[in-house]
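The values are calculated or read from the model by the stated rules, or taken from the named source; none is laboratory data. Just so we're clear, the structure is a prediction, and the values are computed from it rather than from any experiment. No Cβ is skipped: glycine too gets one built from the backbone with ideal geometry, and neighbour counts run over all protein chains shown.
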Amino acid sequence: MARVYNFAAGPATLPEAVLKKAAAELVEYQDTGMSVMEMSHRSKAYDAIHKQAEALLRELMNIPDDYYVLLLQGGASTQFSAVPLNLLNGSGIADFVHTGNWSKKAIAEAKRYGQVNIVASSEDKTFAYIPELDENKFTENADYFYIVTNNTIYGTRFTSIPDTGNIPLVADMSSNILSEVYDIGKFDVILAGSQKNIGPAGLTIVIVRKDLVGQAREITPVMLNWKTQAEAGSLYNTPPCYCIYMAKLVFEWLKEHGGIKEMQARNEEKAQLLYDFLDQSELFKATVNPRDRSLMNVPFVTGDADLDALFISEAGDQGLVTLKGHRSVGGMRASIYNAMPKAGVEKLVEFMKTFERQHK
Ligand code: PMP
């Protein structure tokens, strides 16, 4: 079967060139006579991969030297616990902007260890927008301030990053890391699971300002203490070696294709194609407030659940797959990460036009 256009939210489509490169060196990596999967994580060959992956990420994202880059396991969800364990140790208060399911889960974990102040929430409108922030509601001595830069399920994103002054800003960037240019200096902690814009599931990246490491609570499990892996160069225990290798290939691919600035331009173009069509369609409707629309996840509906199901099924027949919306919102969602080519979005829009003519 030919490759399809896969609009899955994560694990998600990867660049075909990366998959082919991995396939070519799957059984024997360079002159080692073995697969990266079989290699000791203390070997010279693996060590080079590990260091290159970190160096490439630093270069792509322009990460300053006073930040650690940690290559971890456990998914972004494990960091929902690690963040309070490492940071919630002064006033014991954390400020959160509540923008969906992923902030909800992070809030629930933080509450185990201290007090949570919800600065703003968009729950009143099924998280279809990013709420305005009133600085008067910020906790003056909060241990950190937490946002989810891109909300995978609802398709919203922060188009401006809040200025939290001296309060460390923690960002869950799982679904839009590497998709647009960010000034890393605006953040103090960035966390991201790998399975959208980085590689296969299994790697979790934490970028953390060095001076925030080393203040974890006594009770912090050794594996959740950022200091453990910061001091060990992310080799305290066996890292997700093969995922890190795949991430390295993706980072190389990104660099070859012009880096994040170029990705952002392409992502804006792809998203615009889809939103422009949705905004003039008489059948399909985008669900998110225009100002706050994600470049990565585009939810839309027809307003008729049966028609949505028919659309998803017929799109699948055309090789446009995994368009079903998240189970908590229904409808459709097209995830158009870095690796989704413009041709995939064009084909989707063409199919939507055809479907609309038939069902309007
Ligand atoms: N945060 C966001 C924004 C996500 O989209 C996801 C997963 N889709 C998570 C956190 C959870 O990530 P993981 O499955 O890696 O724990």
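Worth a mention:
- Residue in the stretch 204-218 that is surrounded by fewer than 18 Cβ atoms within 10 Å (Cβ to Cβ), closer than 30 Å to VAL36 by Cβ and either in contact (Cβ under 8 Å) with a residue 60 or more places away in the chain or touching a Cys at 6+ places or on another chain (Cβ under 8 Å) (or both) present: yes
- Listed conditions (1) within 16 Å of the ligand (Cβ to nearest atom); (2) surrounded by 20 or more Cβ atoms within 10 Å (Cβ to Cβ); (3) not small (Gly, Ala, Ser) are all met by LYS104, apart from (2).
- Those residues of the stretch 303-330 which are within 19 Å of LEU273 (Cβ to Cβ), surrounded by fewer than 23 Cβ atoms within 10 Å (Cβ to Cβ) and without any contact (Cβ under 8 Å) to a residue 60 or more places away in the chain, in sequence order: GLN318
- Verdict on GLU262 being touching a residue at least 12 places away in the same chain (Cβ under 8 Å) and either touching a Phe, Trp or Tyr at 6+ places or on another chain (Cβ under 6 Å) or of a type in the set (D, E, K, R) (or both): no
- Considering residues of the stretch 65-101 that are in a loop (DSSP other than H, G, I, E, B) and within 14 Å of the ligand (Cβ to nearest atom) only, the residue farthest from THR152 (Cα to Cα): GLN73
- Look at the stretch 232-259: where a residue is more than 19 Å from GLN73 (Cα to Cα) and among the aliphatic types (A, V, I, L, M) and a partner is at pLDDT 95 or above and not in a helix (DSSP H, G or I), sitting 6+ places away or on another chain with Cβ atoms under 9 Å, you get LEU254/PRO15; LEU254/LEU178; LEU254/ASN197; LEU254/ASN338.
- Annotation note: Cβ proximity below 8 Å between a residue of the stretch 101-121 that is touching a residue at least 40 places away in the same chain (Cβ under 8 Å) and at positive phi and a residue that is within 14 Å of the ligand (Cβ to nearest atom) and of a type outside the set (Phe, Trp, Tyr) (sequence gap 6+ or interchain) occurs for no pair.
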